[in-house]
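Shown next, in structure tokens, is the structure this report addresses.
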Amino acid sequence: MGDRRRLHDRRPRPNYARAVVFVEVFRLIVVLIGALLGLAAASGSHSATARVVGAVIGVLAGYVAGGIVGRLLDKGVRQADRTLVDVPAPELLAGAFLGGLGILVGVVACLPLFIFFRRDYDYPITAGVAWVVGSIAFKLGTTNGRKLAESARITRKLSPYQEAPEGSVLVDTSAVMDRAFLVLGSAGLLGREILVPEPVADELSTLAEGPDPVSSRRARRGLAAIDAVREAGMTVSVVPGDVSEASLTEEKVLRLANRLGVRLFTCSSDVHRQQEKIGVPVIDLRSLVADLSPDHVPGERLSVDLVKPGRQAGQAVGYLPDGDMVVVNEAGHLVGEPGVEVLVLSTRPTSQGLLVFARLAGDGLAQ
């Protein structure tokens, strides 16, 4: 489950904004502790200057020590760091519950300070301990939220995703791992919101850490593609796949798509076979990309009327029935000839349509 956190991240990198907040709050607490310790150390002196110097030294020492210790603490506890907006409800509840419990434990642990020492710096020390323990507990809660939520009976089960946002689509594991997902998703051509079922998230995480180098590489590429689609401004949401009667991932995804009433994008032939039983609208990404590919592939034979010379010496230009231009090399002597057979070399899309580059085929003239 830990690796599935990447689906909730904008990037698999630390959340620097939250890290800065944690470090600076911790540093402020340490600075206050240092100032009070400096004042306490100089309390025996009757000189106001000595007390000020003691406080300043304590502030400076606290500023340096707070930054160093705060960063070390943050580095150790931010492994489960993620954007709160994308945290599933059970994990958020478990994190909040354990975070509050951690703060309470931190306060209780510092009670001996108030009993035995009764110094002014007892309060900032308690605040610092409570902040650190609470942060660690919150990270623990959001990392293992589902298990903790169920064991603590915070929530028995995440409520089913009853309605899909208008214009949203569902994707399965094969679709996410295909390059077409990145290209079409980043361009906003898949839908207004892309829904990733939890079984798909789990399968991607398992494959990414699996022993098969090919599947692992494709799964990691899929996880990175989700990040890239999000960065392109698209909405990607992980939705619970709580279809208990389905045992296979393909069935779970299909039944979830059927319940939500959305289209399913896939690259799996198994999903197409299952579709016949459930009756879900399924779109094959690879077939879609193939349909969008150029109409004329290299080596294809065409018959074209050459109507004028090309820009380069020896070239002739003709047009296909759909209006696409064909530029034929070494065919300038055939300008004005109808039905010249050519072989496609390459194609290039332009603002005026598809531009086809070709050469003469055989004797050049169609029989």
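Throughout, read-outs are computed from the coordinates displayed, never taken from laboratory work. Everything numeric here is computed off the predicted structure, so don't read it as measured data. As a convention, Cβ positions derive from the backbone with ideal geometry for all residues, glycine included, and neighbour counts pool all protein chains shown.
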Points 7 angstrom from Cα along the Cβ direction at Arg119 and Leu101: gap in nanometres?
3.2
Given H placed on each backbone N at 1.01 Å, which residues far from Val196 in sequence or on other chains put an amide H within less than 5 Å of it?
Ser237, Val238, Val239
Estimated vicinal HN-Hα couplings, Hz - segment 95-100 in sequence order (Karplus 6.51, -1.76, 1.60; Gly, Pro = x):
x, 5, 5, 5, x, x
Fewest first, what order do Thr235, Thr173 take by the number of other Cβ atoms within 10 Å?
Thr235, Thr173
Val21 versus Val56: modelled label distance in nm, points set 7 Å from Cα along the beta carbon direction
3.5
Would you kindly derive the ³J(HN,Hα) couplings of segment 214-225 from the backbone phi angles with the Karplus curve 6.51 cos²θ - 1.76 cosθ + 1.60 (θ = phi - 60°), listing them in order in whole Hz, with x for Gly and Pro?
5, 4, 4, 5, 5, 5, 5, 5, x, 4, 5, 5
Sort Arg230, Arg263, Arg348 so the one with the fewest other Cβ atoms within 10 Å of its own Cβ comes first.
Arg348, Arg263, Arg230
The answer for the net charge of residues other than Ala41 whose Cβ lies under 14 angstrom from its Cβ, with Lys and Arg +1 and Asp and Glu -1, is +1
Taking a ≥ b ≥ c as the square roots of the eigenvalues of the Cα gyration tensor of segment 168-292, is the shape rounded (a/c under 1.5), prolate (a/b larger than b/c) or oblate?
rounded
Once the other residues with Cβ under 13 Å from the Cβ of Gly314 are scored (Lys, Arg +1; Asp, Glu -1), what is the net sum?
+1
Suppose R0 equals 41 Å. What FRET efficiency, 1/(1 + (r/R0)^6) with r the Cβ-Cβ distance, do Val289 and Lys75 give to the nearest 0.05?
0.45
First select every other residue whose beta carbon is under 14 angstrom from the beta carbon of Pro349; then total the charges, Lys and Arg +1, Asp and Glu -1.
-2
Bin by bin, in steps of 10 Å, what percent of the Cα pairs in segment 301-365 do you find, going until the bin that has the longest distance?
26, 61, 13, 0
Along the Cα→Cβ direction, 7 angstrom out, place labels at Ala224 and Ser303. What is the inter-label distance in nm?
4.8
